[in-house]
Structures are given as structure tokens and as C-alpha cells.
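J.: Got a structure here, written out as C-alpha cells. Questions coming.
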Amino acid sequence: MPVHKLDGTGKKILVIDDDLAIRVLLNAVLKRMKFDVELAEDGAVGLEKLQQDGHVDLILLDLMMPRLNGYEFIEQVQKRYSDRPHIVVFTAAGRRGVDKIPSQTVCNSILKPFDLDTFIEIIGECLNDGHGTGGQSAEGGGQTP
């Protein structure tokens, strides 16, 4: 889905990644699509942001981070929020990283480095379909199987 076709008006996305370049890139792209964007440099800061304002439509989550990593973040969200936001995980750890996550806990996943158009498409699908995607996984430059 091209960037200009996804309208984020009224939708809030929390981006959690320890890589500043990824946060800056996703912030710029998502804001251009009219999303309200919150940024966090690790899972601990992400949890703080969720506690401050529990309404987030989608979380874009890196798995490998210091302090509180993505796996621990997902575990904490499951414990604290019955109506949890949709989560898309992205990782450089490959399939072995994503395979450790129960499929019902995330909307979708993509491997780094990812194709931005594919990533935007996944964001649109998760916002429209919710957790019903069954935890599909997309390769960095490929399409969702």
C-alpha cells in the first residue's frame, strides 16, 4: 500500500526501537500519513508511555533492545492490558526471533532490513484486521506469505 493511500487520522502508533535512525524514519513517514506518533527507545519507556496514555492503536516493536526487550514488553502488555493494542514486531534476529512469540500475541512481523512499502502495508492490514492475521511474517523485502 503506497504511503499516500494510508490515512492515519485519529490513529495513534507507538514506535519502540533502540535504533534512533529507525525511530526518526518511522516518525517522519507515519506523521506524513497523519498518524499521531509516540516514540520510545526501549520496552521500559514504551510501557511508561502506555501507562500514561493507554490508548494506542498499534505498537511497532523491535525485539532486541536493552533494559526491557520486545519479548519482555509483550509479556508485560499481556499481563497488564486485557484489551491490548495490536503489535507488529520487527527484528534483525530472523525467523528464530519471531518464532519465539506466540502467534496470537502479535498482529504481524517483518524482518530487518524491511521494505518500507511492505511495512506500511502490514500497518494498514493490522489496523483494519486486528489480531486476526494469525501472526503472519514478512521477509524484509518480500511480501507477506
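Rule-based calculations on the coordinates, nothing more; no lab input. All values derive from a computational prediction rather than experimental measurement. Using ideal geometry, Cβ is built from the backbone for each residue, glycine included, and neighbour counts are taken over all protein chains shown.
J.: Just from the alpha-carbon atoms, what are the Rg and Dmax of the stretch 3-138 in angstroms?
T.: Over the stretch 3-138's Cα set, Rg and Dmax evaluate to 13.3, 36 Å.
J.: Can you give the local net charge around residue 17? Use residues other than it whose beta-carbon is closer than 10 angstrom to its beta-carbon, Lys and Arg +1, Asp and Glu -1. Kindly include the intermediate steps, with their values, before the conclusion.
T.: Values: positive: 23, 112; negative: 18, 19, 41, 42, 62.
Neighbour charge sum, excluding residue 17 itself: -3.
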